[in-house]
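**Q** Sharing a structure below in structure tokens format, with a few things to ask.
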Amino acid sequence: ILNVEQSPQSLHVQEGDSTNFTCSFPSSNFYALHWYRWETAKSPEALFVMTLNGDEKKKGRISATLNTKEGYSYLYIKGSQPEDSATYLCAFMYNFNKFYFGSGTKLNVKP
Amino acid sequence: EAQVTQNPRYLITVTGKKLTVTCSQNMNHEYMSWYRQDPGLGLRQIYYSMNVEVTDKGDVPEGYKVSRKEKRNFPLILESPSPNQTSLYFCASSFVRKTGGTEAFFGQGTRLTVV
């Protein structure tokens, strides 16, 4: 089983703060890196699929970067809002059909 | 609407009583898989399927069975559930994108308690 680590485990921020989290994964045999947003009692929702070293993706106030050579990805949220409160999961893939998930970063944004 | 549907959403059962959790997708995806999520751990793959009648073990297959008789359905079977199978289960279907990488869609989860 491959080791995918996310930090921090949880984060409490005030509305308007910007924040970032880290996903670390094996630096060899890279196929893709995914970020998901997961709200309790809902399906994990795909944010980004990243496949190339140096990839940068952006969706609204959320962005992500990828470094496959050193095995890490950052997720940034600019100007956090209460509706951003969720668990953010990253998943590493070394082939097309197998995901290895980190344990997630739980974000709580206080109004 | 593209979706992955799991049933039931919640289930409490007793040790040893066979149960099936159903999963259905309407996107004609070839790949489907089952995961379990336990506190402090990432989602761990139980079984996956690359197409009809093609299934293989994931990382934590013990105590589970699956079948893929039709492309859209991928049920998870617990022949003799035990309390250590109490968990949150997710079904996913996925496809390989032409631009690279795989895109996956998840069901809403089934919270199973085995007493």
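The values are calculated or read from the model by the stated rules, or taken from the named source; none is laboratory data. None of these values were measured; they are calculated from a predicted model. Counting neighbours? That spans all protein chains shown, and the Cβs are built from the backbone with ideal geometry, glycine included. SASA here: full protein model, heavy atoms, side chains in, ligands and nucleic acids out. Shrake-Rupley method; radii C 1.70, N 1.55, O 1.52, S 1.80 Å.
**Q** Filter segment A:30-65 down to residues that are hydroxyl-bearing (Ser, Thr, Tyr), within 11 Å of chain B (Cβ to nearest Cβ) and surrounded by 13 or more Cβ atoms within 10 Å (Cβ to Cβ), then give me how many there are. I'd like the intermediate steps shown before the answer.
**A** In the first step, residues of segment A:30-65 are kept if they are hydroxyl-bearing (Ser, Thr, Tyr); the result is A:31, A:36, A:40, A:43, A:51, A:63, A:65.
This time we only want the ones that are within 11 Å of chain B (Cβ to nearest Cβ), so: A:31, A:36, A:40, A:43, A:51.
From the residues that got through so far, the ones that are surrounded by 13 or more Cβ atoms within 10 Å (Cβ to Cβ) too are A:31, A:36, A:43, A:51.
Qualifying residue count, segment A:30-65: 4.
A quick yes/no check of all residues on (1) surrounded by fewer than 20 Cβ atoms within 10 Å (Cβ to Cβ); (2) charged (D, E, K, R); (3) in contact (Cβ under 8 Å) with a residue 24 or more places away in the chain:
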| site | (1), (2), (3) |
| --- | --- |
| B:Gly63 | yes, no, no |
| B:Lys69 | yes, yes, no |
| B:Leu88 | yes, no, yes |
| B:Ala92 | no, no, yes |
| B:Lys98 | yes, yes, no |
| B:Glu103 | yes, yes, no |
| B:Val115 | yes, no, yes |
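**Q** Something else about it: The conditions are (1) farther than 13 Å from B:Gly107 by Cα; (2) away from chain A (no Cβ under 12 Å), and B:Asp59 fails exactly one of them. Which is it?
**A** Status for B:Asp59: all satisfied but (2).
**Q** Which of (1) within 12 Å of the chain's Cα centre (by Cα); (2) at pLDDT 95 or above; (3) open to solvent by less than 40 Å² (accessible area, probe 1.4 Å); (4) within 14 Å of chain B (Cβ to nearest Cβ) is the odd one out, the single condition A:Thr68 does not satisfy?
**A** Looking at each condition in turn, A:Thr68 falls short on (1).
**Q** When you look at B:Arg44, is it open to solvent by 20 Å² or more (accessible area, probe 1.4 Å), within 11 Å of chain A (Cβ to nearest Cβ) and either touching a residue at least 12 places away in the same chain (Cβ under 8 Å) or under 30 Å from A:Gln9 (Cβ atoms) (or both), yes or no? Full working, then the answer.
**A** Details: open to solvent by 20 Å² or more (accessible area, probe 1.4 Å): yes; within 11 Å of chain A (Cβ to nearest Cβ): yes; either touching a residue at least 12 places away in the same chain (Cβ under 8 Å) or under 30 Å from A:Gln9 (Cβ atoms) (or both): yes.
So B:Arg44 passes the test.
**Q** Exactly one condition in (1) open to solvent by 40 Å² or more (accessible area, probe 1.4 Å); (2) more than 14 Å from chain B (Cβ to nearest Cβ) is false for A:Leu107; which is it?
**A** Looking at each condition in turn, A:Leu107 falls short on (1).
**Q** Shifting gears a bit: Mind checking which residues of segment A:87-104 are more than 16 Å from B:Tyr35 (Cβ to Cβ) and open to solvent by 10 Å² or more (accessible area, probe 1.4 Å)? Walk me through how you get there before you give the answer.
**A** Taking segment A:87-104 and keeping what is more than 16 Å from B:Tyr35 (Cβ to Cβ), we get A:88, A:94-96.
Residues satisfying the conditions are A:Tyr94, A:Asn95, A:Phe96.
**Q** Kindly evaluate A:Phe25 against the criterion of being at the interface with chain B (Cβ under 8 Å from one of its Cβ atoms), among the hydrophobic types (A, V, I, L, M, F, W, C) and surrounded by 14 or more Cβ atoms within 10 Å (Cβ to Cβ).
**A** On the way: at the interface with chain B (Cβ under 8 Å from one of its Cβ atoms): no; among the hydrophobic types (A, V, I, L, M, F, W, C): yes; surrounded by 14 or more Cβ atoms within 10 Å (Cβ to Cβ): yes.
Spelling it out, it is not the case that A:Phe25 is at the interface with chain B (Cβ under 8 Å from one of its Cβ atoms), among the hydrophobic types (A, V, I, L, M, F, W, C) and surrounded by 14 or more Cβ atoms within 10 Å (Cβ to Cβ).
**Q** Considering only strands (runs of 3 or more DSSP E) fully contained in segment B:1-82, which possess at least 2 residues that are touching a Gly at 6+ places or on another chain (Cβ under 7 Å)? Don't jump to the end; show me each part of the working.
**A** Numbers: elements: B:4-7, B:10-13, B:19-25, B:31-37, B:44-51, B:54-57, B:76-78.
Qualifying strands (runs of 3 or more DSSP E): B:4-7, B:44-51.
**Q** Which of the residues belonging to segment B:83-104 are modelled with pLDDT under 95 and in a strand (DSSP E or B)?
**A** So in segment B:83-104, the residues modelled with pLDDT under 95 come out as B:94-104.
B:Ser94, B:Phe95, B:Val96, B:Thr102, B:Glu103, B:Ala104 - these are the residues of segment B:83-104 that are modelled with pLDDT under 95 and in a strand (DSSP E or B).
**Q** So, in segment B:92-115, how many residues would count as being within 12 Å of another protein chain (Cβ to nearest Cβ) and touching a Leu at 6+ places or on another chain (Cβ under 7 Å)?
**A** 3
**Q** When you look at A:Leu2, is it within 30 Å of B:Thr55 (Cα to Cα), in contact (Cβ under 8 Å) with a residue 40 or more places away in the chain and within 14 Å of chain B (Cβ to nearest Cβ), yes or no?
**A** Working: within 30 Å of B:Thr55 (Cα to Cα): yes; in contact (Cβ under 8 Å) with a residue 40 or more places away in the chain: yes; within 14 Å of chain B (Cβ to nearest Cβ): yes.
Yes; evaluated as a whole, the condition is true for this residue.
**Q** Also, I was wondering about something else. Return the only residue of B:Asn51, B:Asn26 being surrounded by fewer than 16 Cβ atoms within 10 Å (Cβ to Cβ) and either touching a residue at least 24 places away in the same chain (Cβ under 8 Å) or aromatic (Phe, Trp, Tyr) (or both). Lay out the reasoning, then the answer.
**A** Numbers: B:Asn51 fails: either touching a residue at least 24 places away in the same chain (Cβ under 8 Å) or aromatic (Phe, Trp, Tyr) (or both).
Answer to the check: B:Asn26.
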